[in-house]
1. Keeping all protein chains in place and using 1.4 angstrom, which order do 8, 72 fall into by accessible surface area, from largest down?
2. Computing the accessible area with a 1.4 Å probe over protein heavy atoms, can you report the carbon and sulfur percentage for the chain?
3. Stretched out fully, how many nm does the piece from residue 83 to residue 14 gain, at 0.36 nm a residue minus the Cα gap?
4. Please calculate how many Å² of accessible area the chain carries per residue, with a 1.4 Å probe and no DNA, RNA or ligand atoms counted.
5. Just in segment 21-119: which GluC sites (Glu not before Pro) are loop by DSSP and have at most 11 other Cβ atoms within 10 Å?
6. Once the principal axes of the Cα atoms of segment 24-119 are found, what is the range along each, listed largest first in whole angstroms?
7. Could you work out the relative contact order of the chain, using alpha carbon pairs under 8 angstrom and six or more residues apart, expressed as a whole percent?
Amino acid sequence: MAYDRENIFAKILRGEIPCEIVYEDDHVLAFEDINPQAPVHVLIIPKGAYQNMTEFGRKASAEEKTAFIEAIGTVVNLKRIDKTGYRTIVNNGEDSLQEVPHLHVHVLGGRRLGALLST
Ligand code: AMP
């Protein structure tokens, strides 16, 4: 399936929809999740048009991949959850219930998180 240029994160990247930016560089944007599931809930997205981790792994440049991974450490430091711990989640496709078809990693922390999977 082709990348949907009208998905909500594509609109955020184009500046058509506002977001609360946590961190940004040439390849990555990190912003507050609109419906936080923990005291810290940040979404990190690549600026390139990748639907999920599979596509990112296959098509992104080494520079984009490095920036994406390094952004996780940057965000947890900015949010001061590097010592208390945090969870990263990437939903990919239908069975994962991925809602927005632009790759994003959820960074969750700020409290003791529950079990990895509820069902
Ligand atoms: P997923 O189910 O992994 O695709 O997660 C999508 C996430 O995007 C959810 O946690 C939503 O709360 C979040 N979300 C949807 N729209 C926005 C928005 N406009 N700004 C920030 N977060 C959003």
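1. Values: 8 85, 72 25 Å².
Largest accessible area first, the list is 8, 72.
2. Taking all protein chains in place, the chain shows 50 percent carbon and sulfur surface.
3. Numbers: separation 69, 0.36 × 69 = 24.84 nm, distance 3.40 nm.
So the extension gain works out to 21.4 nm.
4. On the way: 7490 Å² over 119 residues.
Heavy-atom accessible area per residue stands at 63 Å².
5. On the way: sites: 24, 32, 55, 63, 64, 70, 94, 99; in loops: 99.
For GluC sites (Glu not before Pro) across segment 21-119 that sit outside H, G, I, E and B with at most 11 neighbouring Cβ atoms in 10 Å, the list reads 99.
6. Between the extreme Cα coordinates on each principal axis of segment 24-119 lie 35, 31, 20 Å.
7. Answer for the chain is 30 percent.
The values are calculated or read from the model by the stated rules, or taken from the named source; none is laboratory data. Note that the structure is predicted; figures quoted are calculated from it, not measured. Note that each Cβ is placed from the backbone with ideal geometry, even for glycine, and that neighbours are counted across all protein chains shown. Only protein heavy atoms, including side chains, enter the accessible area calculation; ligands, DNA and RNA are left aside. Shrake-Rupley method; radii C 1.70, N 1.55, O 1.52, S 1.80 Å.
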